[in-house]
Amino acid sequence: CLYCLICIAPPDTFVLLSLIVPQGALLTSGYSYLYALALVPVGLLADKVDRPKLLAIGLALWSTLSIVSSSAGSFAELLVARTGFAVAQAAQNPVSFSLIPDLFPNNKSTALAGYNCAIYLGRALSFASVLAAHRVRSGGAMTVPGPVGTMADAAAGAATSPQLQLAL
């Protein structure tokens, strides 16, 4: 899961790509800064073009770059993929925040709250899945069946695993 590097960086990812800590920090902070800076121009673009098409293009590019970044073989390859990934992801919020009220005119606030909730729940589930994969790969046993057991076991494994590094 190399594309999860911005969130969770297992030591083998650093070894596999021969990364040093400042490179990991650049991947994380560089992505965040570029994403933030891309939001305004993408928002201006969303006011001038077909918003659903812009969202579809951003999603297609984001998905493609997710695959590309997961197969990166060096820091430079990962940095280039993450740069494009940040710009592609910047289409999501400006377009979604303008489309959702149009789609749900009678429940604008509730619809936007659901959208925001899904963002953070999805992020939490992605962290849990990476932790679960790490736990399974390192020989941890899943003791409680289902998603709750997977997340609980992953959290327990992360809390007790000195090998897992969390990057903020």
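Each value in this text was obtained by applying a stated rule to the coordinates, not by laboratory testing. Bear in mind that the values here come from a model prediction, so they are computed numbers and not experimental data. So basically every Cβ, Gly included, is an ideal-geometry build from the backbone, and we count neighbours across all protein chains shown.
Of note:
- In this structure, ASP47 and TYR120 have a Cβ-Cβ separation that, at R0 = 30 Å, corresponds to a calculated FRET efficiency of about 0.70.
- Label-to-label distance, nm, for residues given as LEU37 and ASN107 (7 Å Cα→Cβ offset): 4.0 nm
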